[in-house]
Every structure is written in structure tokens, then in C-alpha cells.
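A short worksheet on the structure shown next.
The values are calculated or read from the model by the stated rules, or taken from the named source; none is laboratory data. Note that the structure is a prediction, hence the values are computed from the model and not measured. Don't worry about glycine lacking a Cβ; one is built from the backbone with ideal geometry, like all the others, and counts go over all protein chains shown. In case anyone asks, the SASA skips ligands and DNA or RNA and just uses the protein heavy atoms, side chains included. Shrake-Rupley method; radii C 1.70, N 1.55, O 1.52, S 1.80 Å.
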Amino acid sequence: MCDTCGCQLHEHHHHDPKVVEVNQSLLAANVQQAMSNRQHIEKMGAVAINLISSPGSGKTTLLERTIEAMRDTVRIGVIEGDIETERDAERIRAKGVPAVQLTTGGACHLDAPLVHGGLHVLEHFAKGAGYDLIFIENVGNLVCPATFDLGEHIRVVLLSVPEGSDKPAKYPATFKGADLVLLTKVDLLPYFDFSMEEVRKEAGLLKPDLELMALSATSGEGFDAWLSFLDRRLNR
Amino acid sequence: MHELSLAQSLLEQLLELAGKHQAARVTRVVVTLGPFSGIVQDSFAFGFNILKAERPATRDAVLDMETPDPEYICLECNKVALIPFPRQSERLDLARHGLAARKCPWCGSNRLSPQGGTELILNQVEME
Ligand SMILES: Nc1nc2c(ncn2[C@@H]2O[C@H](COP(=O)(O)OP(=O)(O)OP(=O)(O)O)[C@@H](O)[C@H]2O)c(=O)[nH]1
Ligand SMILES: [Mg+2]
Ligand SMILES: [Zn+2]
Ligand SMILES: [Zn+2]
Ligand SMILES: [Zn+2]
Ligand SMILES: [Zn+2]
């Protein structure tokens, strides 16, 4: 046995202290997996969109309406992230589109290794047919998901009218990381003290070129702009 | 919010580094947790100290955490403000005295926009 530390590993270790400068992100493993996810998605010919919002902002409803509008011309696949239950995936499957439910077992966000598994399942569901558009619905949470690249091409942050227009100022990291901010449930504007101007101003301070759109899944208002945004981003 | 899973991935990185450098154990780890990274020092240390005990190679690792002062731009006067980050234990005292809101040191406005500060970095590892 070794006298210095009492360990059993006598032959192959030494006790000279060694200082190693690492300077590597603590999220390095996630970043690497996200890069490989992105390649995987591109090999499938698809564009991937990561949907981030607080619980209940309308992510699944947006997907339901989007699928109804596009399913005849665009091959869509969906990865659903939730802490528990298969409910959201079932809502998507009811629209006739393949959906994988990832449950995080308590974790408050999706990460790239989880999505990697989801992509393989989605690929299996396609039976060789492939996808044009893959939606990843993140766990409802306006904080954690911002930190984790999943390998998406476009990050969309949803903010619904009842949540209030002060959210970009309160959750700057999340809104700063967005490629597009979607204001949802605008049919409710008459009932809430929600200022479009405040969102525009605060979001602009965070990221001057941040794109902003407003829509309602209930009335259909603003949906055309959203659909043509998607259409422009497809690899066709 | 996800301090535990971050501590877990740090420990995996440490085991890999120890293997690469043929070291038997890690004695000290220095990390930077950005002030706007969403990671709370106390929770991160708590998770790290529980999980490190699972492996002999990390059992004695001491965790050093650095959090740089957060930087803001004041939306009223456009000046840069560096405001020390209160420790977890000081926050309640600040709240009790109505001082929880950070204010611009130049003009007193509370309309401060955070700049950067989301980094999570493994800087340095000591091993033997
Ligand atoms: N008025 C109104 N209600 C909406 C709209 N879109 C969604 N909702 C309602 O908002 C509630 C939540 O919608 P979901 O689509 O389940 O929200 P989600 O973001 O997927 O929720 P989680 O997955 O739990 O985070 C449901 O009751 C929807 O019917 C909208 O455009 N207008
Ligand atoms: Mg949902
Ligand atoms: Zn020894
Ligand atoms: Zn999280
Ligand atoms: Zn794979
Ligand atoms: Zn000021």
C-alpha cells in the first residue's frame, strides 16, 4: 500500500501535485453533443426549432395549429420535453405527425444528450422518409432552457399576453438568446394591461436585431406571418 | 435550478482530466460561475460535495468558486455599472431594509440591463 495516501494504485500514480489550466466550459459536453445533433438533423435534411416559454404560453397549441396548416406540404416531426406525462406528444400525434415524448424525470430543461436520443427515435418513426421541419418543445420554464443548446437552428421564445410585457426585462438571458420572439394569445389583449411597445423596447435593448411577431392560435390572427417565416427557413 | 446536474458534469470532466494526466486524485478545482449564469454558488457547492464522495479520485477535491461582479448598462444614463453581487446570506438583510433593488451608482435609476456574465467555466484543476 502507498504510504502517502493509503491507496492501492501504487504502480501507476505519482504524488507530484500538478496544476492544469483547463479553461473549458462546464457545459462542454452539452455543447459538443449539440453540434453533433445539428449535423444529425442536417443529414436528415431538416431544420430544427427549439420552442422555449413559461408553462402554458401556448407552445403545444401553436404546434397543433402549425401542423394543421403545413402537414400536407411539409414533413414535420416533434420532440416534446416535459418533466412528466405523455400528454403533449399525444396531442401532436392526434394531428397525424410523429412525436417523441422525452420526460426529464424532474429536470427543468432539455439538454443535448436527451434530444440526441429523441432524434434517433424520431428517425425510426419516419421509416426512412425523413423530415423537413423538427420542432423541439422545451420544458415550460423561462430560465434554464436558455443555457442549453440542443442543436437547433432557430430558437423561438414565446411570451403570452397574460404573462405581462415586463418579461424580457426580467428574464434577459432567455430573450437575448432568441432568434424570434413570438407574442402569443393576442386575442386576449383587450383584457390585459399588456404593452406591445414595452416588449419591443426591452427586447430591442437586449438584442437590436431581435425579430418579433404576434399571433393568436384561437383567432388565427398573425398566423400567416409565422407560417411564411417557417417557409422561408426550410431547406427547399 | 440545475446545480446538481452541472455539478455532475463537472465531476465527469474531472475524472476524465485525472485519467488523461494519470493522476490518482483531484485536490482542488477552480470554477467561474457568471453572475447571470443562473447557478447559485451555495447550491452548486452543496451538490458538488455530495456527488464528489462517490468516487475516490474526487473525494477530497476542494471547490473554489469565483463569481465576477455583475456588469450592467444603465438604461437612463447609459453608463456602465459594476455592482457587487450580494451573497445568499446578505440578500434577506438587504430585503429587510428595502435595498434589494440594484440601483445605478451614477444616477440612481433601477433600469439596469445585465451585460454578459452567463459564463460557466472550469478554470484550473490541481491533481496528484
Ligand atoms: N386565448 C387563447 N388561449 C390560448 C391560445 N393558445 C393557447 N391557449 C390556451 O393556453 C393554455 C395552454 O396552452 P398549451 O399550448 O398547452 O401551452 P404550453 O406552452 O404547451 O404548456 P406546457 O407544455 O405545459 O408548458 C391552453 O388552455 C390553451 O387552450 C391563444 O392563442 N389564445
Ligand atoms: Mg406543451
Ligand atoms: Zn498513493
Ligand atoms: Zn434546468
Ligand atoms: Zn446518434
Ligand atoms: Zn444611471
Tell me, what is the percent relative contact order of chain A, built from C-alpha pairs under 8 Å that lie six or more residues apart?
-> 22 percent
Considering amide H positions built from the backbone, and no H for Pro or chain starts, which residues 5 or more places from residue A:83, or on another chain, come under 5 Å of its amide H?
-> A:104
Give the percent of DSSP beta bridges with both residues in chain B that are antiparallel, rounded to the nearest 5.
-> 75 percent
Total Å² of accessible surface buried at the B-A contact, 1.4 Å probe, nearest 100?
-> 2400 Å²
Per its Cα gyration tensor (rounded if a/c is under 1.5, else prolate when a/b beats b/c, else oblate), segment B:54-96 is best filed as oblate
What is the antiparallel percent of DSSP beta bridges lying wholly in the protein assembly as shown, to the nearest 5?
-> 40 percent
Percent of all Cα-Cα pairs per 5 Å bin for segment B:71-114, counting from 0 up to the last occupied bin, reads 6, 25, 28, 19, 17, 6, 0
What shape does the protein assembly as shown have by the C-alpha gyration tensor, where a ≥ b ≥ c are the square roots of the eigenvalues, rounded means a/c under 1.5, and otherwise prolate means a/b greater than b/c and oblate the rest?
-> oblate
Rel. contact order, % - alpha carbon contacts under 8 angstrom, at least six apart, segment A:97-184 | 29 percent
Debye log10 I(q)/I(0) at q = 0.13, 0.14 Å⁻¹ for chain B, Cα point scatterers = -0.63, -0.70
Taking placed amide H atoms and a strict 5 Å upper bound, the residues 5 or more places from residue A:140 or on another chain that come that close are none
Among A:82-88, A:50-56, the order from most to least packed when residues are scored by Cβ within 10 Å on average = A:50-56, A:82-88
Accessible solvent surface per residue of the protein assembly as shown, calculated while the other protein chains remain in place, 1.4 angstrom probe, Å² = 49 Å²
Amide proton proximity set for residue B:83, modelled H, under 5 Å, gap of 5+ = B:72
Note down the relative contact order for chain B as a percent, whole number, built from C-alpha pairs under 8 angstrom at least six residues apart.
-> 36 percent
A correct Karplus calculation of ³J(HN,Hα) over segment A:72-85, with 6.51 cos²θ - 1.76 cosθ + 1.60, θ = phi - 60°, whole Hz and x for Gly and Pro, returns 6, 10, 10, 7, 10, x, 10, 10, 9, x, 8, 5, 9, 6
